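Following: one structure in structure tokens, then a few remarks.
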Amino acid sequence: MQVLLIGSGGREHALAMALSKSPHLARLFAAPGNPGMAALAECVALDVADHAAVSAFCRKQGIDLVVIGPEVPLVAGLVDVLVVQGIACFGPSKAAARLEGSKGFTKRICNAAGIPTAQYDACDQLAPALDALARRGAPLVVKADGLAAGKGVVVAETAAEAEAALRAIFTGPGASVVLEEKLEGEEVSFFALCDGHNALYFGSAQDHKRIGEGDTGPNTGGMGAYAPAPRMTPELVEEVMARIIRPTLAEMNRRGTPFAGMLFAGLMLTADGPKLIEFNTRFGDPETQVLLPLLEDDLLGLLDASAHGRLPAQSPALSGGVALTVVLAARGYPAAPQTGGVLTGIEAAAALPGVIITQAGTAMKQGHIVATGGRVLNVTALGATYDEAASRAYGALATLTYADGIWRRDIGWRVRTAAS
Ligand code: AMP
Ligand code: GLY
């Protein structure tokens, strides 16, 4: 098969590695890709927002499957444009990507399908939002509707904080907000591969969203992750499939907008059972960097089956081991990352036992890898235990040289017994 992979981050580098292992892969293109992916794929400078250009490329190259990594092209409807031309895509249609694109839409799906989630009010004006705040009181979670790259959510501990967040959202026309009860518990990332009708459990992970050690400071795209999430027992997996994932697929079908692709549920494991915090309609970043090394089945076959509505009956086989990834970021991330610094030692680190390096925000300049983004690369390691994976990942990280690098030393603190 000829495959076009869309995206340029660590998630897409991990996807490229897993796709490259497939016996069915003939040729892999990446748009735009990154220097790490260039070893596995032919990187092409396509403007992904230009849907006509993407479809022209696919027709010219005879692409059999387009794999879309990030959410922006999904929410923009790239899948719809390609599918009407007979080009198969892994990822949901624009209508189904609303599960990620609109928090209000997801709340309505939860209501219609009886899915456990936080109680909420959705408001499209400041005055009713302030009324809802007065009624609910603090703590309260304020979420701007629409894609916000992790920045649209304020967990307000006081009414004053919640009010300030609301006033910041309602500065112009067209704003809308979801106000919801704060859930207490442990967060888990839960992945279900879907083909419109059926869903297969694809694994679980936990990520660290905050920039600072001890899970403090501003939210980021994710500073590290590990898989599997030890709290996800087979019984809990089945409960989430039965109470959250399958009802969502049924409701999307009932509305005539079936969901195919990766359904990534952000869950809170509360004292009353698992509750949905949010859906994403794609692989997670950095969760993918720890999920895919544990996958024992052929990723390309699974993504192709999802795209064609014919998933197998059995969930994919996952190895019994664990994986842990640490994000190497640029100083100043997330507010103002300092880009341009040179990284060395990547190849030697990647050659260490059980270590996988994926590039996330890099470019090749005059023969050197330089940082171009906030999250620069991911150091992932496999192990029999979380301690072993952490000690390998941190050992590999110590061999890299990158003067501007920052990273958290406590990734996996919930599951590690020893400090690295
Ligand atoms: P979201 O963009 O909806 O995933 O929210 C970002 C983060 O805010 C989540 O990962 C949670 O840590 C936190 N969060 C969102 N909604 C809630 C909630 N209802 N209760 C507690 N924490 C929440
Ligand atoms: N790591 C969370 C996300 O991919 O949205």
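The values are calculated or read from the model by the stated rules, or taken from the named source; none is laboratory data. From a predicted model like this one, the values you see are computed outputs, not experimental measurements. Heads up, the Cβs are rebuilt from the backbone with ideal geometry, glycines too, and the neighbour counts pull from every protein chain shown.
Contact annotation: residue pairs with Cβ atoms under 7 Å, 6 or more positions apart or on different chains, pairing a residue in region 220-245 that is without any contact (Cβ under 8 Å) to a residue 60 or more places away in the chain with a partner that is charged (D, E, K, R) and part of a strand (DSSP E or B), are 231/186. Count of region 203-224 residues, restricted to those that are surrounded by 22 or more Cβ atoms within 10 Å (Cβ to Cβ) and either closer than 17 Å to residue 318 by Cα or among the basic types (Lys, Arg) (or both), is 4.
Quick grid of which residues meet (1) within 16 Å of ligand 2 (Cβ to nearest atom); (2) in contact with a Gly (Cβ under 6 Å, 6 or more places away or on another chain); (3) at pLDDT 95 or above:
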| residue | (1), (2), (3) |
| --- | --- |
| 265 | yes, no, yes |
| 274 | no, no, yes |
| 288 | yes, no, yes |
| 292 | yes, no, yes |
| 306 | no, no, yes |
| 309 | no, yes, yes |
| 316 | no, no, yes |
| 326 | yes, yes, yes |
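Being at pLDDT 90 or above, farther than 29 Å from residue 96 by Cα and within 16 Å of ligand 2 (Cβ to nearest atom) is a description that does not apply to residue 131.
The set of residues from region 212-243 being part of a strand (DSSP E or B), within 16 Å of ligand 2 (Cβ to nearest atom) and at pLDDT 95 or above comprises 224, 225, 226, 227. Within region 1-39, being crowded, with 24+ Cβ neighbours inside 10 Å, touching a Pro at 6+ places or on another chain (Cβ under 9 Å) and either in contact (Cβ under 8 Å) with a residue 60 or more places away in the chain or among the hydroxyl-bearing types (Ser, Thr, Tyr) (or both) holds for 6, 7, 8, 9, 10, 11, 14. Checked against (1) within 26 Å of residue 377 (Cβ to Cβ); (2) in contact with a His (Cβ under 8 Å, 6 or more places away or on another chain), residue 249 passes all but condition (1). Selection of region 313-354 for residues being over 25 Å from residue 191 (Cβ atoms), buried (at least 20 other Cβ atoms within 10 Å of the Cβ) and of a type in the set (A, V, I, L, M, F, W, C) yields 330, 343, 346, 349.
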